[in-house]
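The values are calculated or read from the model by the stated rules, or taken from the named source; none is laboratory data. The structure presented is a predicted model; accordingly, all values stated were derived computationally and were not measured. No Cβ is skipped: glycine too gets one built from the backbone with ideal geometry, and neighbour counts run over all protein chains shown. Protein only, heavy atoms only, side chains kept; ligands, DNA and RNA dropped before computing areas. Shrake-Rupley method; radii C 1.70, N 1.55, O 1.52, S 1.80 Å.
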Amino acid sequence: MERIMVIGVSAGVGKSTFARRLGDHLNIEVYHLDTFYWRPGWVEAPLEDFISAQKEVVSHDKWIMEGNYSHSFNLRSELADTIIYLELPLRVCLYRVIKRWLSNLGKTRPDMAKGCNEKLDWQFINFIISTYFPRKKEMKIKLADLQKSDLEKEIVILKSKPDIEGYLLNMKG
């Protein structure tokens with residue numbers, strides 16, 4: 001377990017927090033895709049720059065990369081030895097997004113690009129709600145296909161807070 005992808009069903013599922021904690025346990029550097037994708041002021045980076053930053057990371061022997069970004073999923077999944085998928089209920093994800101916004105008002109989170117202060121708007125809430133169930137279905141298929149095509153790859157699916165905590169606790173042992 002040295003090249004790890006952490007993905008999730010939605011914003012607010014806990015990908016960044018989980019990846020940081022896992023990185024601490026395994027002593028592996030964590031890379032947040034949001035820091036590659038966003039430029040100051042919430043400007044999207046050119047796709048070539050976004051892909052190039054990921055190619056640099058996956059060239060390392062050990063890494064944890066956190067984030068969904070479907071247009072570069074295969075780049076990461078092909079080289080990952082472990083894929084960890086977090087799937088908590090929609091209400092939990094929405095609650096966490098609102099809590100995160102309130103906790104970080106006027107600040108930039110460590111897992112976000114510099115100059116991208118925390119924000120929350122109805123467009124983002126709508127995005128979370130409208131993509132949650134289609135993504136849940138899509139990820140089930142995608143992970144099953146990956147499992148069939150690469151028997152060496154470890155696929156971990158965590159669907160509750162106790163599952164997540166138990167998994168991290170086992171990392172310590």
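Tell me, please, whether a residue that is touching a residue at least 40 places away in the same chain (Cβ under 8 Å) and under 15 Å from the mean Cα position of the chain (by Cα) can be found in region 143-153.
yes
Could you list all residues from region 36-51 that are part of a helix (DSSP H, G or I), farther than 25 Å from residue 145 by Cα and open to solvent by 20 Å² or more (accessible area, probe 1.4 Å)?
36, 37, 47, 48, 49
For (1) open to solvent by 10 Å² or more (accessible area, probe 1.4 Å); (2) outside any strand (DSSP E or B), each residue gets a yes or a no:
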position	(1), (2)
1	yes, yes
22	no, yes
34	yes, yes
53	yes, yes
60	yes, yes
65	no, no
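Give just the number: which of (1) among the basic types (Lys, Arg); (2) closer than 28 Å to residue 58 by Cβ; (3) in a helix (DSSP H, G or I); (4) open to solvent by 30 Å² or more (accessible area, probe 1.4 Å) does residue 76 not satisfy?
Condition (4) is where residue 76 drops out.
Checking the condition outside any helix (DSSP H, G or I) and either within 11 Å of the chain's Cα centre (by Cα) or buried (at least 20 other Cβ atoms within 10 Å of the Cβ) (or both), which residue from 7, 28 passes?
7
Can you find, within region 103-140, the residue that is nearest to residue 44 (Cα to Cα) among those that are without any contact (Cβ under 8 Å) to a residue 24 or more places away in the chain, among the acidic types (Asp, Glu) and open to solvent by less than 80 Å² (accessible area, probe 1.4 Å)?
Residue satisfying both the conditions and the ranking: 118.
Cβ-Cβ below 7 Å, separation at least six or inter-chain, first residue in region 1-29 and free of Cβ contacts under 8 Å to residues at least 60 places away in the same chain, second among the small types (Gly, Ala, Ser) and assigned to a helix (DSSP H, G or I): which pairs?
Cβ pairs passing all conditions: 29/23.
Picking from 96, 109, 100, which residue would you name as being of a type in the set (D, E, K, R), in a loop (DSSP other than H, G, I, E, B) and more than 14 Å from the chain's Cα centre (by Cα)?
Sole residue among the options that is of a type in the set (D, E, K, R), in a loop (DSSP other than H, G, I, E, B) and more than 14 Å from the chain's Cα centre (by Cα): 109.
Looking at region 92-102, which of the residues that are of a type outside the set (Phe, Trp, Tyr) and touching a residue at least 12 places away in the same chain (Cβ under 8 Å) is surrounded by the most Cβ atoms within 10 Å (Cβ to Cβ)?
Just the residues of region 92-102 that are of a type outside the set (Phe, Trp, Tyr), to begin with: 92-94, 96-100, 102.
Next cut, touching a residue at least 12 places away in the same chain (Cβ under 8 Å) only: 92-94, 96-98, 100.
Working: 92: 15, 93: 22, 94: 17, 96: 17, 97: 18, 98: 13, 100: 17.
Checking each candidate, the answer is 93.
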